[in-house]
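Visitor: Input: one structure, supplied below.
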Amino acid sequence: MINQYKETINELYKRRTKGIKLGLDRVFSTLELLGNPQKEFKSIHIAGTNGKGSVSKIIYNLLRAHGCNVGLFTSPHLTRFTERIVVNDIEISEDDILRLIEKIKPYSEDLTFFEYITVMAFLYFKEKNIEYAVLETGMGGRLDATNVVNPEISVITSIGVDHQRFLGNDIKSIAFEKAGIIKKGIPVVSSSQQVEVEELLRQRAKQLNSDFYIYGKDFLSFLNKMSFEGLWFDFCFFKNCIQKKVDCTVQPERDSKRIFSLFLPLTGFHQLENVSVALEAFIRSYPQWNEDSIKEGLKNVKMYGRLEVISHDPLIILDIAHNPHAAKSLVSSLKMLTDKKPVVVFGVMKDKDFKGVIKHFDGYAHSFFFTTPAYERALKIDEFLSQLNGDFRIQISCVTDSEQAFKQALNVCREKPHLYLLCTGSSYLIGEIKEFFGEKSLHKGLGELL
């Protein structure tokens, strides 16, 4: 069975040679032939550049804590393909993957890799009789394979410049694609955005007669404490609570509310905004919510590769920060969390703005070890060096093998107690590091062209 699974998955991955074909016709046609499984459950749809994985997982946990049967569809995976499709905290089994691949095969000739697994997730969710599906877009939104659902709410996390080849070269073009998940009359919840992005999202929501709620204006969280263990905060929602500067601790207005003493076992300033977006989206889409279940749901959130501490002595942190915006947020949080300086192990895909990432560590990190994840699209050392041009003051070493880069950086940290080890960049790199620490792995280096 193991060999059969590997062979079948390899065949599925060969669909990556079809590249990325943005468009919904192929998915709609296939789902129609399979009985439109995506119509059998409620959906919450999440797009964005940064934070959509965390927001998806938090919403999923909130629904679970309220007793719902819930499916979660995310990408890419860190170490196992089965991480992508989860129902009630259980990953899809390899046997179910084999069975569903065979079921889809007669209708799948033109499907890309990501379209195929999206259809697979919908079929699996229908079989499991779920009530809600929390769906993370693969890339973009308007023409993403997941955009065949009519959700309870549309969620748009922080938008930045990424995937320019497919989504456009400027922030407004990219925001237009993300805004494509907004549906007529369906509420929209958004992270804080650049001015031109917020204007575009508001305009799109208005055109479709969709209520629009944005972090910092319609809802907000107040940080009480932040540590490596997580965030302690209060959440405030409804417009008057913020726009009229109401002190919710003293006399909340009738249409404002504050939920006190919440804890999230994820850390970083960016996670405070992510959890706020998730809470607002959940409350707007699940009117039966209650505070005790919200608190329980937040306490159960686990996210790997997001300011994840895998060792305290020496301190070792893993974080997927593969673009400048994510790197800026990461550095801001790290400066708050520890006085130590990082030795950074870093690797990304060749289409990423790696110099924009390094810029945020220049003058902060002790040293940098650049490496190449074992993946076909990874940025190679010669390409990396050819573009550096002496732009940075930081000491940069290049090590071809990621495990060796990790070991060399760790030795530096062990020799100097004022340093800690930070592994960041691509999810493929973080997956490899987790494998070093014993995480079960299968097809860790394979994934969609993202």
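The values are calculated or read from the model by the stated rules, or taken from the named source; none is laboratory data. Bear in mind that the values here come from a model prediction, so they are computed numbers and not experimental data. Positions of Cβ are backbone-derived with ideal geometry, glycine not excepted, and every protein chain shown enters the neighbour counts. Note: accessible area is taken over every heavy atom of the protein model, side chains too, but ligands, DNA and RNA are not part of it. Shrake-Rupley method; radii C 1.70, N 1.55, O 1.52, S 1.80 Å.
Visitor: Filter region 132-149 down to residues that are at positive phi and either open to solvent by 10 Å² or more (accessible area, probe 1.4 Å) or touching a Pro at 6+ places or on another chain (Cβ under 8 Å) (or both), then give me how many there are.
Guide: Within region 132-149, residues that are at positive phi and either open to solvent by 10 Å² or more (accessible area, probe 1.4 Å) or touching a Pro at 6+ places or on another chain (Cβ under 8 Å) (or both) number 0.
Visitor: Pick from ILE294, ILE316, ILE283: which is of a type in the set (A, V, I, L, M, F, W, C) and in contact with a Cys (Cβ under 9 Å, 6 or more places away or on another chain)?
Guide: Only one candidate qualifies: ILE316.
Visitor: While we're on this one: Which of the numbered conditions does GLY35 fail, given that it passes all the others? Conditions: (1) at pLDDT 95 or above; (2) surrounded by 18 or more Cβ atoms within 10 Å (Cβ to Cβ); (3) part of a loop (DSSP other than H, G, I, E, B).
Guide: Condition (2) is where GLY35 drops out.
Visitor: Report yes if some residue within region 311-326 is charged (D, E, K, R), within 28 Å of PHE238 (Cβ to Cβ) and under 21 Å from the mean Cα position of the chain (by Cα); otherwise report no.
Guide: The initial filter retains those residues of region 311-326 that are charged (D, E, K, R), namely 313, 319.
Filter again for within 28 Å of PHE238 (Cβ to Cβ), leaving none.
No, that holds for no residue.
Visitor: Just one of ASP391, ASP362 is modelled with pLDDT under 95 and either assigned to a strand (DSSP E or B) or more than 28 Å from the chain's Cα centre (by Cα) (or both); which is it?
Guide: Numbers: ASP362 fails: either assigned to a strand (DSSP E or B) or more than 28 Å from the chain's Cα centre (by Cα) (or both).
Selected residue: ASP391, the only one of ASP391, ASP362 that is modelled with pLDDT under 95 and either assigned to a strand (DSSP E or B) or more than 28 Å from the chain's Cα centre (by Cα) (or both).
Visitor: List the pairs whose first member sits in region 370-390 and is open to solvent by 10 Å² or more (accessible area, probe 1.4 Å), whose second member is part of a strand (DSSP E or B), and whose Cβ atoms are under 8 Å apart, counting only residues at least 6 apart or on separate chains?
Guide: Taking only residues 6 or more apart or on different chains, the pairs are THR372/GLY347; THR372/ALA378; TYR375/MET349; ARG377/MET349; ILE381/PHE370; ILE381/CYS398; LEU385/CYS398; LEU388/ILE396.
Visitor: If you don't mind, another one. In region 104-131, what count of residues is obtained for those that are open to solvent by 10 Å² or more (accessible area, probe 1.4 Å), closer than 15 Å to LEU33 by Cα and modelled with pLDDT under 95?
Guide: 5
Visitor: Continuing with this model, one more query. With respect to VAL343, is the statement that it is open to solvent by less than 70 Å² (accessible area, probe 1.4 Å), within 19 Å of ARG306 (Cα to Cα), in a helix (DSSP H, G or I) and not aromatic (Phe, Trp, Tyr) true? First the steps, then the outcome.
Guide: Working: open to solvent by less than 70 Å² (accessible area, probe 1.4 Å): yes; within 19 Å of ARG306 (Cα to Cα): yes; in a helix (DSSP H, G or I): no; not aromatic (Phe, Trp, Tyr): yes.
Spelling it out, it is not the case that VAL343 is open to solvent by less than 70 Å² (accessible area, probe 1.4 Å), within 19 Å of ARG306 (Cα to Cα), in a helix (DSSP H, G or I) and not aromatic (Phe, Trp, Tyr).
Visitor: Among all residue pairs at least 6 apart or on different chains, which show Cβ distances below 7 Å where the first residue, located in region 23-37, is farther than 18 Å from ARG142 by Cβ and the second is of a type in the set (A, V, I, L, M, F, W, C) and open to solvent by 40 Å² or more (accessible area, probe 1.4 Å)?
Guide: Once the first residue is farther than 18 Å from ARG142 by Cβ and sits in region 23-37, no partner that is of a type in the set (A, V, I, L, M, F, W, C) and open to solvent by 40 Å² or more (accessible area, probe 1.4 Å) comes close enough.
Visitor: Could you list, in sequence order, all residues of region 182-222 that are more than 20 Å from ASP144 (Cβ to Cβ), open to solvent by less than 30 Å² (accessible area, probe 1.4 Å) and hydrophobic (A, V, I, L, M, F, W, C)?
Guide: Listed by number, the residues that qualify are PHE212, ILE214, PHE219.
Visitor: Scan region 16-28 and tell me whether some residue there is at pLDDT below 95, assigned to a helix (DSSP H, G or I), surrounded by fewer than 22 Cβ atoms within 10 Å (Cβ to Cβ) and among the acidic types (Asp, Glu).
Guide: yes
Visitor: Of the residues VAL189, VAL134, VAL161, VAL148, only one is at pLDDT below 90 and either part of a loop (DSSP other than H, G, I, E, B) or in contact with a Phe, Trp or Tyr (Cβ under 6 Å, 6 or more places away or on another chain) (or both); which? Even if it seems obvious, please write down each step before you answer.
Guide: Details: VAL189 fails: at pLDDT below 90; VAL134 fails: at pLDDT below 90; VAL148 fails: at pLDDT below 90.
Answer to the check: VAL161.
Visitor: Related question: Out of LEU334, LEU318, LEU330, LEU266, I need the residue that is in a loop (DSSP other than H, G, I, E, B), out of contact with any Leu (no Cβ under 6 Å at 6 or more places or on another chain) and either at pLDDT 95 or above or open to solvent by less than 30 Å² (accessible area, probe 1.4 Å) (or both). Which one? Reasoning before the result, please.
Guide: On the way: LEU334 fails: in a loop (DSSP other than H, G, I, E, B); LEU318 fails: in a loop (DSSP other than H, G, I, E, B); LEU330 fails: in a loop (DSSP other than H, G, I, E, B).
Unique residue meeting the criteria: LEU266.
Visitor: Then there is this: Out of curiosity, is SER75 among the polar types (S, T, N, Q) and assigned to a helix (DSSP H, G or I)?
Guide: Working: among the polar types (S, T, N, Q): yes; assigned to a helix (DSSP H, G or I): no.
No.
Visitor: Please go through (1) open to solvent by 50 Å² or more (accessible area, probe 1.4 Å); (2) under 19 Å from SER276 (Cβ atoms); (3) touching a residue at least 12 places away in the same chain (Cβ under 8 Å); (4) not hydroxyl-bearing (Ser, Thr, Tyr) for LYS225 and return the number of the only condition it doesn't satisfy.
Guide: (3)
Visitor: Tell me, please, whether a residue that is within 30 Å of GLU152 (Cβ to Cβ), in a loop (DSSP other than H, G, I, E, B) and open to solvent by 20 Å² or more (accessible area, probe 1.4 Å) can be found in region 274-286. Full working, then the answer.
Guide: Pass one, region 274-286, residues within 30 Å of GLU152 (Cβ to Cβ): 274-286.
Filter once more, keeping what is in a loop (DSSP other than H, G, I, E, B): 286.
Cutting the leftovers down to open to solvent by 20 Å² or more (accessible area, probe 1.4 Å) gives us 286.
Yes: one or more hits.
Visitor: Just checking, how many residues over region 373-388 are closer than 25 Å to LYS434 by Cβ and over 22 Å from the mean Cα position of the chain (by Cα)? Step through it out loud before you land on a result.
Guide: Within region 373-388, the first condition is being closer than 25 Å to LYS434 by Cβ, and the residues that meet it are 373-381, 384.
Still in the list and also over 22 Å from the mean Cα position of the chain (by Cα): 380-381, 384.
Residues meeting the conditions: 3.
Visitor: Only one of ASP353, ASP313 is of a type outside the set (A, V, I, L, M, F, W, C), without any contact (Cβ under 8 Å) to a residue 24 or more places away in the chain and on the phi < 0 side of the Ramachandran plot. Can you tell me which? It would help to see each step written out before you state the result.
Guide: Working: ASP353 fails: without any contact (Cβ under 8 Å) to a residue 24 or more places away in the chain.
Unique residue meeting the criteria: ASP313.
Visitor: Quick check on TYR304: is it aromatic (Phe, Trp, Tyr), modelled with pLDDT under 95 and open to solvent by 10 Å² or more (accessible area, probe 1.4 Å)?
Guide: Details: aromatic (Phe, Trp, Tyr): yes; modelled with pLDDT under 95: yes; open to solvent by 10 Å² or more (accessible area, probe 1.4 Å): yes.
Answer is yes for this residue.
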